[in-house]
Amino acid sequence: MAQDGVKHDYHLVNPSPWPLVGSISATVMALGGVTWLKGMFGMPAHTWWLFAAGLAGVLYTMFGWWRDVVKEANEGDHTPVVAIGLRYGMILFIASEVMFFVAWFWIFFEMALFHHHRTLSSIDEVRTAWASWPPHGVETVPAWNLPLVNTLTLLLSGTTVTWAHHALQTGDRKGAKIGLALTILLGVMFTSIQAFEYHHILEHKYFFSTEAANSGLYGSSFFMATGFHGFHVLIGTIFLAVCLIRLLNGAFTPTKHFGFEAAAWYWHFVDVVWLFLFAFIYVIFGMPGH
């Protein structure tokens, strides 16, 4: 154990700067993002350096915190009792992420399923705007083009990460490395396709309509739901890349590899969320005149 004289199975974490450094960095990054887009604190818009400083701090926190946790694992601090706590912690974290996405689905469903209630308004403009969902005049993203490709990409990545996990459990380290590398490449592919899709949407002004006053609500809900999912794909890709680096350096055994297992859980969560996004936002409620 890392602590001299400790005679129990629990790990007492040494004082760490990362919670404080991470919180400050995230705050700076958020304020920098707003400043970059809108301008504030007397600074003009497009002032990107504050956002870059916050992002650098967040990345530094991720590197330092992950390094310390890996060091704890290598020193034997992750006893069976601690491992159970880590699993419960990861499960609760994913549960909190589920509720995070429930919020985006909630607002989208509220507008998609109950938009007709607003047609009871005495204001002609409101009745016209909410007569259909998506709003009249809004051009939606065809579900069976890039969104379908991204769906197949994530489904395939789910199989490759499962292959890697099974290979690691059976002692096939080469198979685990190949499966994990393929998963990371598929994650990068998904992010690249979504970035191209967003550029296409903005360039052709898909979600802008002069015929409906509420057209911006569709675009906002779409970008919040799919954008935050894309952010989670990016985080999951980094998570898996760290696991691949550890695997290449000789870490993980068939019976002790919770770091990789947690990354696989997170990736499967990302896969499932995308299936709901694709089914409801792109297909069911993404058709004009629904």
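The values are calculated or read from the model by the stated rules, or taken from the named source; none is laboratory data. Fair warning: this is a prediction, and the values are worked out from it, not measured in the lab. Neighbour counts are summed over all protein chains in view; Cβ atoms, including those assigned to glycine, are modelled from backbone coordinates with ideal geometry. Note: accessible area is taken over every heavy atom of the protein model, side chains too, but ligands, DNA and RNA are not part of it. Shrake-Rupley method; radii C 1.70, N 1.55, O 1.52, S 1.80 Å.
Here are some notes:
- Heavy-atom accessible surface of the chain: percent carbon and sulfur, 1.4 Å: 72
- Partners for K38 among lysines (Cα-Cα distance below 30 Å; same-chain residues under 8 apart left out): K205
- Karplus (6.51, -1.76, 1.60) ³J(HN,Hα), θ = phi - 60°, over the range 73-78, in Hz, Gly and Pro reported as x: 5, 5, 8, x, 6, 8
- Over the chain, Cα pairs under 8 Å with separation of 6+ residues give a relative contact order of 20 percent.
- The alpha-carbon of K71 sits under 16 angstrom from the alpha-carbons of these lysines, leaving out residues fewer than 8 places away in its chain: K256.
- Residue of W48, W65, W267 that the Gaussian network model of the chain assigns the largest fluctuation, springs spanning Cα pairs under 10 Å: W48
- Average 1/r across all pairs of distinct alpha carbons in the chain, invert it, and you get the Kirkwood radius: 21.8 Å.
- Ellipticity estimate at 222 nm from DSSP helix runs (n ≥ 4, -39,500 (n - 2.57)) divided over the chain, nearest 500: -24000 deg cm²/dmol
- Heavy-atom surface of the range 79-283, accessible at 1.4 Å and reported per residue (Å²): 49
- 3J(HN,Hα) from dihedral phi, the range 155-171, Karplus parametrisation 6.51/-1.76/1.60, rounded to Hz, x for glycine, proline: 4, 5, 5, x, 6, 5, 6, 5, 4, 4, 5, 5, 4, 5, 5, 9, x
- Shape category assigned to the range 17-77 from the gyration tensor of Cα positions, a/c cut at 1.5: prolate
- Top positive-direction residue, dipole computed over the range 19-129 with Cβ charges, set A56, S122, M29: S122
- For the range 17-77: accessible area per residue (Å², 1.4 Å): 64
- Within a Gaussian network of the chain (alpha carbon springs, distance under 10 Å), most fluctuating of I245, I94, I24: I24
- Highest-MSF residue in the chain out of L154, L146, L240 [GNM, Cα springs under 10 Å]: L146
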